[in-house]
C-alpha cells in the first residue's frame, strides 16, 4: 500500500471542515486508550477491505466542525449514551469523504461506520486484527479535541 | 422549482445548500430527496431546472438515478457531488449525460463554477 501522507490528510480535512486540521506522525504507535470508531471501505476493482479507526472524540470534533457545532456542543452530545443523529450523520459524511485518502492508486468506496468492533464484517475484523499495512497519525483540530487516527490495510 | 438536491446525508444536503447560497444563488428554490427513488418522484412533481446528486446512495445509486432519468426521456441537467474522483467514474458519469462532477470537499467557488453555465449566473 503506498504511504498515505500526513500532508495529504492535513489538506483534505482542513478543506473539509474549513479550519486548520493537522496530521502528524505519532511519536509512539501504542494503541490509543480512547473509545474508537471504525469505518470500513472497499477498494475497487480488487474489492479489498480497508479500515480506518480513530478516537471517537476526534471524529466527533471533525463532524462538529463540519456542521458548525462548537466544541462544547460536541462534548455534550458525546456524553449521551446514544450519539445525536445530526452529529452521527456528519460523522458518517466525514468518513465518507475520507475515502479520498484511503487509497492513492484506486477508488475507495465508503461502506459504513461502526462503534462496536464486534459488529464489523468478518473481513474488516480480519484487517483490524491482523493488518499488513498500517499508517498512524496524531491529529490536532483547531478549537476542538484532537486524537489518534489509523488506517489499516490487508496485503 | 430551480434545483433538486439528492443525497442520503442530511449533513451533505445542508452543506451543499449553504455553498449554493455562498456562491451567490440566494433566491434559488430548492427541494431535496434522500435517494434516487425519491428523486425520480420529485423530478415528476417539481420539474427542477437542475439536479445535484450524490453518487453513493442506498436504494438507488446516483448513476442508476441518472440512467433511469434519461430512460424517462428527461433531459434535466444533472451534476454529481461525490467524494470519488477517479477518471473512470468521471468518464462513466459523462457517458451517461452528466453535466459536471463536483468533488468533495468543495468550496462555494467550485459550486458557482459548475452552476453558472446552467443557471446563467446569479
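Each value in this text was obtained by applying a stated rule to the coordinates, not by laboratory testing. From a predicted model like this one, the values you see are computed outputs, not experimental measurements. Cβ sites come from the backbone with ideal geometry, for glycine too, and all protein chains shown count toward neighbours.
Quick look at the values:
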{"read-out": "Breaking point among (1) surrounded by 16 or more Cβ atoms within 10 Å (Cβ to Cβ); (2) over 19 Å from residue A:110 (Cβ atoms); (3) more than 14 Å from chain B (Cβ to nearest Cβ), for residue A:31", "value": "(1)"}
{"read-out": "Test for residue A:135: is it surrounded by 16 or more Cβ atoms within 10 Å (Cβ to Cβ), part of a strand (DSSP E or B) and away from every other protein chain (no Cβ under 14 Å)", "value": "yes"}
{"read-out": "Count - residues of region B:84-104 that are over 22 Å from residue B:49 (Cα atoms) and under 13 Å from the mean Cα position of the chain (by Cα)", "value": "1"}
{"read-out": "Criterion violated by residue A:90 - all others in (1) within 23 Å of residue A:15 (Cα to Cα); (2) free of Cβ contacts under 8 Å to residues at least 12 places away in the same chain satisfied", "value": "(2)"}
{"read-out": "Wholly enclosed helices (runs of 4 or more DSSP H) of region B:1-99 bearing at least 1 residues touching a residue at least 12 places away in the same chain (Cβ under 8 Å) and away from chain A (no Cβ under 14 Å)", "value": "B:10-22, B:36-46, B:62-71"}
